[in-house]
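Working notes for the structure below.
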Amino acid sequence: MQVIKTISKIKAQIQKLKIKDKTIGFIPTMGALHQGHISLIKQSVCKNDITVCSIFVNPIQFNDKNDYQKYPNTLKKDLELLKIHGCDIVFTPEKAEMYPEIPNEKYDFGYLESCMEGKFRPNHFNGVAIVVNRLFEIIQPDYAYFGKKDYQQLAIIKALVKQKKHQIEIVPCEIVREPDGLAMSSRNMRLSEIERSEALLISKTLFDIKKSFNDKNINQWKQLIEEKFANSSILKLEYIEFADSETLEVINNAETNKNIAVFIAAYAGNIRLIDNIVLPLQ
Ligand code: AMP
């Protein structure tokens, strides 16, 4: 497995592979890898001749400076994991390599960037789009793998590929969870024991809604869940939203022939967690 830090070196390497007609699968990450990331790596390894993973904690997608500064860094362990699972190339650029100048591109994703995560994390998706677009231009993958854990991000990336006319197939990957249900996240390692156990309310809520959706209307569900979170001294619910799983448009009435996805963002102490679930067609 090669570890490459500069754009010029990785571009030269990619060029050599393209000449040999090798298919390239790409997984962009911010490191602190867990089995969620590894599930993306595994899918790429199965499908492509070459798998490239990037590890770059992208400063311009953090709206909270503290969250950026405290983002976990476990590079040595990450590289070991990637090697074991058959990754071929890891791209680990420094900040100055990715951004020699302050980037000023401005994307327009319309409604997709103004709801849910977009509403609560101003400029977040613009920062994501800038970095992913740069990485796509550098790596030029055939396939790029993204987790449904970041469901709205996945929708933004699909829109980015369309806008920029990238010849890349985006592969959505299922959410990997801890045995007790908590969605895996690099931020989980920052949770205290009590925060970790209270955070389970997030996935438990989503599973309950999936199981018993027809027992209540959407407003009743929202009210019940807001009350449940209000009872916890550790958790703070930022939003619960029911939305069209394709367009992410808010759904207030369950009598719809659209697939509904349920989204939750909540703080456990200072750690912001997100999760979602897609309900079976009603
Ligand atoms: P991150 O390092 O958080 O930027 O995540 C890199 C990629 O891994 C993104 O496409 C995420 O959606 C995906 N990912 C993160 N956590 C999970 C998970 N629990 N299950 C599936 N994919 C995940």
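If you go through the range 30-47 one residue at a time, do you hit one that is within 13 Å of the ligand (Cβ to nearest atom) and basic (Lys, Arg)?
Step one: of the range 30-47, the residues within 13 Å of the ligand (Cβ to nearest atom) are 30-44.
Going one step further and asking which of them are basic (Lys, Arg), we end up with 42.
Within the range 30-47 (the criterion being within 13 Å of the ligand (Cβ to nearest atom) and basic (Lys, Arg)), the answer is yes, since at least one residue qualifies.
Any residue at all in the range 138-150 that is under 28 Å from residue 104 (Cβ atoms), touching a residue at least 24 places away in the same chain (Cβ under 8 Å), within 15 Å of the ligand (Cβ to nearest atom) and in a helix (DSSP H, G or I)?
Looking through the range 138-150, at least one residue is under 28 Å from residue 104 (Cβ atoms), touching a residue at least 24 places away in the same chain (Cβ under 8 Å), within 15 Å of the ligand (Cβ to nearest atom) and in a helix (DSSP H, G or I).
Just one of (1) away from the ligand (no atom under 15 Å from the Cβ); (2) open to solvent by less than 70 Å² (accessible area, probe 1.4 Å); (3) of a type in the set (Ser, Thr, Tyr) trips up residue 92, so point out which.
The one condition residue 92 does not meet is (1).
Of all residues in the range 37-54, which are open to solvent by 10 Å² or more (accessible area, probe 1.4 Å), touching a Ser or Thr at 6+ places or on another chain (Cβ under 9 Å) and among the hydrophobic types (A, V, I, L, M, F, W, C)?
40, 45, 50
Could you run through the range 1-36 and say how many residues are open to solvent by less than 40 Å² (accessible area, probe 1.4 Å), more than 23 Å from residue 167 (Cα to Cα) and in a helix (DSSP H, G or I)?
Summing the residues that are open to solvent by less than 40 Å² (accessible area, probe 1.4 Å), more than 23 Å from residue 167 (Cα to Cα) and in a helix (DSSP H, G or I) in the range 1-36 gives 1.
Name the single residue that is farthest from residue 140 (Cα to Cα) among those in the range 158-178 being in a loop (DSSP other than H, G, I, E, B) and within 13 Å of the ligand (Cβ to nearest atom).
Step one: list which residues in the range 158-178 are in a loop (DSSP other than H, G, I, E, B), which gives 165-168, 174-176, 178.
Adding the requirement that they be within 13 Å of the ligand (Cβ to nearest atom) leaves 174-176, 178.
Details: 174: 24, 175: 25, 176: 27, 178: 33 Å.
So, considering only residues that are in a loop (DSSP other than H, G, I, E, B) and within 13 Å of the ligand (Cβ to nearest atom), the one farthest from residue 140 (Cα to Cα) is 178.
Can you go through 261, 199 and tell me which one is within 16 Å of the ligand (Cβ to nearest atom), modelled with pLDDT of 95 or more, farther than 23 Å from residue 281 by Cβ and touching a strand residue (DSSP E or B) at 6+ places or on another chain (Cβ under 6 Å)?
Values: 261 fails: farther than 23 Å from residue 281 by Cβ.
Exactly one residue qualifies, and that residue is 199.
So the check is Cβ under 6 Å with 6+ separation or different chains; which pairs have a first residue in the range 251-264 that's part of a loop (DSSP other than H, G, I, E, B) and a second one that's open to solvent by 10 Å² or more (accessible area, probe 1.4 Å) and small (Gly, Ala, Ser)?
259/245
Select from the range 95-137 the residues that are among the hydrophobic types (A, V, I, L, M, F, W, C) and not in a helix (DSSP H, G or I) and list them in ascending order.
As a first pass, look at the range 95-137 and keep what is among the hydrophobic types (A, V, I, L, M, F, W, C): 96, 98, 102, 109, 112, 115-116, 120, 125, 128-132, 135-136.
Of everything in the range 95-137, those that are among the hydrophobic types (A, V, I, L, M, F, W, C) and not in a helix (DSSP H, G or I) turn out to be 102, 109, 115.
The values are calculated or read from the model by the stated rules, or taken from the named source; none is laboratory data. Everything quoted here is computed from the prediction, not taken from an experiment. Positions of Cβ are backbone-derived with ideal geometry, glycine not excepted, and every protein chain shown enters the neighbour counts. Ligands, DNA and RNA are stripped out before the accessible areas are found, and what is left, the full protein with its side chains, is counted by its heavy atoms. Shrake-Rupley method; radii C 1.70, N 1.55, O 1.52, S 1.80 Å.
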